[in-house]
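Some notes on the structure that comes next.
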Amino acid sequence: MFDKNHVLPVGSDHGGFELKQYIIQTLSAEGYKFKDFGTNSNKSVDYSDFIHPVAKAINEGLFKFGIIMCGSGQGASMTANKYLNVRAALCWDLEQARLTRLHNNANIIALPGRFIDFETAAEMVDVFLNTDFEGGRHINRINKITVAD
Ligand code: RB5
């Protein structure tokens, strides 16, 4: 069970802004705590500017899990996955959110703000946060993800 005293960093561009606001509002009402890295409006911005701070904080171990969004979720997940200690998973339904915790030990969920309904997205975040890594055969697999230069 996720400890709701752990703060969740969250970031998005304009394409994920409405979803970010919905997630913060809906899940705050359930006791979750957020640190909002922006963006703060629908004004067009570059997703990388708002995803890097979230991914950097996860990479440095400042938070356990993070939540990121953009219109498609693609740019957000690509940006976050540049960090060695980040495993960001682009998810679009409940089963994806569950599986990426069970099998990939993902520490960031990336959401496509323009392609999923907000209610499902909030549920996905809840499932993501409350599903434990299965370990076992998946440990070697995630250890082989990183490519040395
Ligand atoms: C912004 O229009 C859009 O390109 C962005 O939110 C995202 O989908 C990029 O991957």
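On a C-alpha basis, how far is the centre of region 71-102 from the centre of region 2-21 in Å? Whole number, if you could? Region 71-102 and region 2-21 have Cα centres separated by 14 Å.
Report the net charge of residues surrounding D3, where surrounding means a beta-carbon distance below 12 angstrom and charges are Lys +1, Arg +1, Asp -1, Glu -1. Don't skip to the end; give the middle numbers.
Values: positive: K4, K33, K64; negative: none.
Result for the neighbourhood of D3: +3.
When peptides 130-140, 58-68 are ranked by their average number of other Cβ atoms within 10 Å per residue, the highest-first order is 58-68, 130-140.
Measure up K35/K82; K4/K56; K43/K82; K20/K144; K4/K144; K4/K43 against 29 Å on the Cα-Cα distance and list the ones that go over. Walk me through the numbers before you get to the answer.
Values: K35/K82 21 Å; K4/K56 21 Å; K43/K82 25 Å; K20/K144 32 Å; K4/K144 31 Å; K4/K43 31 Å.
The answer is K20/K144; K4/K144; K4/K43.
Applying a DSSP loop filter and a limit of 15 other Cβ atoms within 10 Å to the trypsin sites (Lys or Arg not before Pro) in region 2-47 leaves K4, K43.
Pop out the Kirkwood hydrodynamic radius of region 53-141 from its pairwise C-alpha distances, inverse of mean 1/r, in Å to one decimal.
Values: mean 1/r = 0.0777 Å⁻¹.
The Cα-based Kirkwood calculation yields 12.9 Å.
Between T131, F118, V147, the Cα set farthest toward the positive side of the dipole of region 103-149 (charges on each charged residue's Cβ, about the Cα centre) is that of V147.
Compute, for region 15-140, the length of the dipole vector about the Cα centre, with Cβ point charges of +1 (Lys, Arg) and -1 (Asp, Glu) only. Units Debye, rounded to 20.
Working: 12 positive and 14 negative charges, 90 e Å.
The calculated dipole for region 15-140 is roughly 440 debye.
Throughout, read-outs are computed from the coordinates displayed, never taken from laboratory work. Model, not experiment: these values are computed from the prediction. Note that we place each Cβ from the backbone using ideal geometry, even for glycine, and neighbour counts take in every protein chain shown.
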